[in-house]
Each structure stands twice: as C-alpha cells, then as structure tokens.
1. Pick from ASP182, ASP148, ASP170, ASP158: which is in contact with a Ser or Thr (Cβ under 9 Å, 6 or more places away or on another chain), modelled with pLDDT of 95 or more and among the acidic types (Asp, Glu)?
2. Can you work out which of the residues in segment 195-230 that are assigned to a helix (DSSP H, G or I) and among the acidic types (Asp, Glu) is farthest from the chain's Cα centre (by Cα)?
3. Of everything in segment 203-223, what is farther than 19 Å from GLY288 by Cβ and surrounded by fewer than 21 Cβ atoms within 10 Å (Cβ to Cβ)? Give them in sequence order.
4. Of all residues in segment 158-194, which are of a type in the set (A, V, I, L, M) and in a helix (DSSP H, G or I)?
5. So which residues in segment 177-200 are in contact (Cβ under 8 Å) with a residue 12 or more places away in the chain and acidic (Asp, Glu), if there are any at all?
6. Do the conditions hold for ASN251, that is, is it within 17 Å of VAL217 (Cβ to Cβ), surrounded by fewer than 16 Cβ atoms within 10 Å (Cβ to Cβ) and not assigned by TED's automatic domain parsing to the domain that holds GLY110?
7. Select, from LEU243, LEU237, the only residue that is more than 21 Å from the chain's Cα centre (by Cα), assigned to a strand (DSSP E or B), in the same structural domain as GLY186 (by TED's automatic domain parsing) and of a type in the set (A, V, I, L, M, F, W, C).
8. Within segment 45-59, identify whether any single residue is surrounded by fewer than 16 Cβ atoms within 10 Å (Cβ to Cβ), in contact (Cβ under 8 Å) with a residue 60 or more places away in the chain and outside any helix (DSSP H, G or I), and answer yes or no.
Amino acid sequence: MLTLCNGLKHLGNDVDLFLETKRKGDLAETALTRFDLEPRTDLSLSVKSGPMDFVHDLKFLAASFESKDRPKIVHCHASHDHVLSALARLKTRLRATGAPVIVRHLHTDGAAKSSMLYYRLWKKTDGVVTASLQIAEQLKHNHGFPQDRILVLQNSVDPDLFTPNGPGRDEIRASLGLVDGDFLFGMVARFRPQRGHGDLVHAFYRRLKQVKRLHLVLVGRGEEHERIAGLCRELGLDDRVHLAGFVKQENLPEIYRAMDAALLMREGSDAGCRAVLEAMACGLPVIGTNRASMPALIDDGVTGMVVPGDDADEVARVMLEMFSSGKRAKEMGVAARNRVLSGFSQAGRAARCQDFYYSLLSNSQ
C-alpha cells in the first residue's frame, strides 16, 4: 500500500493516506520516515471502534465527498473502509455525477466469496485491484463483477535495495555452520499455521534428511515459531533446518544473498507474495506453489519452479531437483532478477494503477 501511494504521489497525484488509528504498529512511522507520507488522523478506520467512532467516520467521509475539494478516487484496502465509503457515498446529495469513484483493493479472497452482504457491496463499487488472478476469477464468478473494472496488479519491489550484490552471504552462511558445497534454501514468512512451516519441515525430514549438503533456513517470527523449533529438535534437524528469527526489512537482502534458492509454501496476509519478488530481485530461483499470485510471478522452468497444489512432499521433491540441477539453478536466478527489472518496478505499478483510475473516471461521467 505504501509503495503504491508513494508511486502515485511521484506521478503528480495528490494522495491523502488514512490508516487505522486504534491498532498498534509501525506502518505510520514507515510511511513518514521511508516515503515522506504523513498519514491523516481524521478517521478511526478500526473494526475495534465503537458505534460513535463509526458514525464519526461516516459523517466525515460524507462531508468530504460533498466538499469543493472532494477526492476523485477513494481506494479502500479493507472491508471496514469499503463499507464506510459506500455508505458515505449513499449519504451524499451527488447522485449520478460528482461523487468519488470507489475502488477496493482485495488482498485476500474473503470478500470475493459468495455472500449476499458482499454482493450488495460490490454493486456499489466501481473498480477492484488485486494481485491474484484467482481472486479476480472468484469475484467475477460469485458476484458477476465486470472484467473491465478489475485490475490484476502484481506487487513491486525495490531492485536497488534487493540486489544480488552486497554484504551478508559469507557471514550468514558461516553463522549457520554451512561449508563450501552446501546448498541453502530459504523461506521468508511469518510463522502462522496457514503458512505451511510444519508441513515443510516434515517433508524435509521424509525426503531430504539424507541429502547432507542441503539446508533450509526459515526467516520470520510468529505464534508457530516455538512449535516449529521444537519439531526440528524432535526430528533431529537442528543442524539442517535453521530458524533465523525476525529480520528487519533493510537487512533482508543480506539473508537472501546467503541463500542459493528461495521457496514459499503459501501466501500470507495478502495475495501479493512479496517475498517471491524480493528473492527474485536478489537473483534467486524461487520454488512456489499454485496459489495466489505465485504462478503469475514465477515463470515456471525459467525463473523458478511452480508446484501444482501446495503438497509439501512435492515441494521437497522439486527442492531436490533444483539442488541437483547444477548451473541451471544459477541461470534461473539470473533470469529471475531480469524479470523483476523488466516487469515489477514500483514506478510501473503506480502508472498502471493511475491508468486504471482514469478509465474508471471516464466511465463514471
């Protein structure tokens, strides 16, 4: 969201950023320090708010929609914001023309599932942005949302930050106990049950334990971290499956450089699968599953390998295939970096979104 806002701002657009104000987090600080975007604090935008906050937000939005300097586009990133914006537009006196265009950014498939409540909401929505072809298809199938009002917009990555060249590789590999000839796979993902860490560790034990030169590093934090650490000890994989803990964004390139290949079992809180692009930008081949945006990001057999479904044993089999491929893995890594440079820049992503805005505005006249 922040990179898109920043890209739109650099294209000359006036961008007002509203963030949820009730939940703790560092998103507001990141917006200000990294992107020079100062979030507005006029709205609560929280499902944890009471009815008074909801009414306040609704009145504020309705008034802003009728003001002289009203926004042309309202781009919502959560269902709560989406409902608020749709209701606020209903409250305005601007009927056929003049009211802002409402765009929903779908990061997961929850709101695309069949539901009468969402069906009504989509009827009040002008456009949809999503990183996933699967979500776009669901939206069309379940709610009849028109194809020409859906933009499939993949995530972007900063190729100047995430680069193959730089420090980290030798030091990190040494800290993990790796020696020359060892091959290191890595997965950067929050430790949550749905991300597949446990399945991957079990599959590593069943299919890869005897391949002594093959290692796996898991990067991230979360509620599953201790359980996965205990599982690695129980299976005797302490010296082969390494838990690196949480790594700050600015230090992630160093740990990617320590890897020989990356993988991702399942998407996280959004369908964009940012870790795939980060690894590709660092010149790594990536193994992904046929979920969310992974099939669109990974050119199967060219920049990595896509596994049908999300079966961990099949992922382990493909890991062994890539490990055994020799220089082919390095060639895929070079192709992965080139693919990021040619198709996943932040500026290009913002330009595509701006063009989509213009098309929606022209259709609303």
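The values are calculated or read from the model by the stated rules, or taken from the named source; none is laboratory data. What you see is a predicted model, and the numbers here were worked out from it, not measured in a lab. Positions of Cβ are backbone-derived with ideal geometry, glycine not excepted, and every protein chain shown enters the neighbour counts.
1. Criteria check complete, one pass: ASP148.
2. If we filter segment 195-230 for residues that are assigned to a helix (DSSP H, G or I), which is where we start, we get 195, 197-208, 225-230.
Retained after the next criterion (residues that are among the acidic types (Asp, Glu)): 199, 226.
Details: ASP199: 21, GLU226: 24 Å.
Of everything passing the filter in segment 195-230, GLU226 is farthest from the chain's Cα centre (by Cα).
3. Scanning segment 203-223 gives TYR205, ARG206, LYS209, GLN210, VAL211, LYS212, ARG213, ARG221, GLY222, GLU223.
4. ILE172, ALA174
5. ASP182, ASP199
6. Considered against the rule, which asks whether it is within 17 Å of VAL217 (Cβ to Cβ), surrounded by fewer than 16 Cβ atoms within 10 Å (Cβ to Cβ) and not assigned by TED's automatic domain parsing to the domain that holds GLY110, ASN251 comes out as yes.
7. Result: LEU243 is the single residue among LEU243, LEU237 that is more than 21 Å from the chain's Cα centre (by Cα), assigned to a strand (DSSP E or B), in the same structural domain as GLY186 (by TED's automatic domain parsing) and of a type in the set (A, V, I, L, M, F, W, C).
8. Scanning segment 45-59, I find no residue that is surrounded by fewer than 16 Cβ atoms within 10 Å (Cβ to Cβ), in contact (Cβ under 8 Å) with a residue 60 or more places away in the chain and outside any helix (DSSP H, G or I), so the answer is no.
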